[in-house]
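Engineer: Supplied in C-alpha cells, the structure appears directly below.
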Amino acid sequence: MLVLTITLGITLVICAHAVSITDTWLGTSTVAAVVMLLTIAALPDCQWLLQSGVGWLIAALLWAIVTTVYHRLLCEALPIVTDRRRQTPVVELKRRHVIGWSFGRYQVGIAVGVTA
C-alpha cells in the first residue's frame, strides 16, 4: 500500500506540474493536501494526526512546509527584464532549479536539477 501511495503521489505532482496547476499557491497547496492525505491514509501510525487538535495543528504545519517546498520546486518563474535600449519588458523563460534562503548577508541554496 505504501508503494502504491508513493507512486500515486509522485504521479499526481508530475501531472499537476504538466498542466501548470503548481504555478499558483492555491494549486500547489491543493496538490500538497491530496498527497498528504494519501500518505496519512496509507500509514496507520500517522492517523493520529487527524484525531486530535494537536494532530491537526501538526498536520497544518506539515502541509504549509510541503506546500512551500513544492511551490519553490515546481513554480515556473518568468522574470521580467527591461531592455536598456528600448525600455520594453522582455520575458525570459527560466526555470528555477535552486531552492534558496537568505539569512542577512548569507545565502544558502540547494540545487535541484541542471538543464542544458
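Engineer: Pulled fully out, how much extra length does the chain show between Leu26 and Trp63, if you take 0.36 nm times their separation in residues and subtract their Cα-Cα distance?
Structural biologist: Additional length available on full extension: 12.1 nm.
Engineer: Rounded to two decimal places and with Rh computed the Kirkwood way over Cα pairs, what is Rg over Rh for region 2-74?
Structural biologist: 0.99
Engineer: Let me ask something else about it. Would you kindly derive the ³J(HN,Hα) couplings of region 29-36 from the backbone phi angles with the Karplus curve 6.51 cos²θ - 1.76 cosθ + 1.60 (θ = phi - 60°), listing them in order in whole Hz, with x for Gly and Pro?
Structural biologist: The phi angles translate into 5, 5, 4, 5, 5, 5, 5, 5 Hz.
Engineer: What order, most packed first, do the peptides 24-31, 47-54, 11-18 have when packing is the mean number of other Cβ atoms within 10 Å of each residue?
Structural biologist: So the peptides 24-31, 47-54, 11-18, ranked by packing, come out 24-31, 11-18, 47-54.
Engineer: Could you work out how much longer the chain between Leu12 and Val34 gets when fully extended? Use 0.36 nm per residue separation minus the Cα distance between them, nm to one decimal.
Structural biologist: Separation in residues times 0.36 nm, less the Cα-Cα distance, equals 7.0 nm.
Engineer: At a Förster radius of 25 Å, what calculated FRET efficiency corresponds to the Cβ-Cβ distance of Trp48 and Leu4, to the nearest 0.05?
Structural biologist: The value I calculate is 0.70.
Every number in this text was worked out from the coordinates using simple rules, so none of it is lab data. In this text the structure is predicted, and so the values were computed from the model without any measurement. Glycine gets a Cβ as well: all are built from the backbone with ideal geometry, and neighbour counts include every protein chain shown.
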